[in-house]
1. Per the Kirkwood formula on distinct C-alpha pairs, the Rh of the range 1-66 is how many angstrom?
2. Note down the net charge around Thr6, summing +1 for each Lys or Arg and -1 for each Asp or Glu among other residues with Cβ under 12 Å from its Cβ.
3. Kirkwood Rh over Cα pairs of the range 94-135 into Stokes-Einstein at 37 °C, 0.692 mPa s: D in µm²/s?
4. Give me the distance in nm between label points sitting 7 Å out from Cα along the Cα-to-Cβ direction at Ser52 and Phe100, one decimal.
5. Between His124 and Asn77, what length in nm is gained on full extension when 0.36 nm per residue of separation is reduced by their alpha carbon distance?
6. Plugging the Kirkwood radius over Cα pairs into Stokes-Einstein for the range 57-101, at a temperature of 20 °C and a viscosity of 1.002 mPa s, what D comes out in µm²/s?
7. What are the extents of the Cα atoms of the range 58-139 along their three principal axes, in Å, largest first?
8. Can you give the three extents of the C-alpha atoms in the chain along their principal axes, from longest to shortest, in whole Å?
Amino acid sequence: MQIDDTDRRLLRHLQAQPDIATADLADRAGVTAATCWRRLEKLRQAGILQGSRAIINWAALGYAVEVSLRFTLDKTNPRAFDEFLAAARDVPEVHEIQTFLGRVDLRLNVLARDMAHYQEIYRHRILTLPHIADIEALMHVADIKMDKALPV
């Protein structure tokens with residue numbers, strides 16, 4: 001689907017304020033509410049607009065430790081990736097899973113209340129994941145830039 005300047009205006013405003021009311025979005029983008037609604041539906045149907053999400057401040061809820069774990073898998077088993085991913089999805093404290101091409105196969109982002117909680121997760125949930133050949137842990141210190149918006 002090709003998008004035009006009106007679609008770009010709608011997307012820019014949605015990126016800046018995802019919870020904006022359709023009437024307000026239409027006003028800011030310079031279109032009628034009906035046009036705005038139709039265009040948003042087209043963007044959803046095309047898979048460009050995939051919804052909105054709540055951004056949760058996990059530290060405010062008591063999750064003060066964030067660790068990024070990089071895994072290299074033992075790929076001698078052809079099901080290694082599938083079995084690892086299935087097991088990793090079952091760890092509630094894993095809030096992000098990414099796969100890569102290169103030396104690192106996967107990355108899991110883990111949230112914990114404190115270091116004792118992280119150690120418990122690591123020993124009893126992470127180290128029991130199948131097909132691990134190597135793990136590298138990176139302790140999160142600070143967010144410098146987390147902007148998911150792109151110029152449209």
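Laboratory data are not the source of any read-out in this text; all were calculated from the coordinates shown. Everything quoted here is computed from the prediction, not taken from an experiment. Heads up, the Cβs are rebuilt from the backbone with ideal geometry, glycines too, and the neighbour counts pull from every protein chain shown.
1. Values: mean 1/r = 0.0757 Å⁻¹.
That comes to 13.2 Å for the range 1-66.
2. On the way: positive: Arg8, Arg9, Arg12, Arg28, Arg38, Arg39, Lys42; negative: Asp4, Asp5, Asp7.
Summing Lys/Arg as +1 and Asp/Glu as -1 gives +4.
3. Numbers: Rh = 11.4 Å.
Approximately 288 µm²/s, per Stokes-Einstein.
4. 3.4
5. Numbers: separation 47, 0.36 × 47 = 16.92 nm, distance 2.28 nm.
Difference between extended and current length: 14.6 nm.
6. Details: Rh = 12.5 Å.
Diffusion coefficient, whole number: 171 µm²/s.
7. Principal-axis extents of the Cα atoms in the range 58-139, largest first: 41, 22, 17 Å.
8. 56, 38, 24
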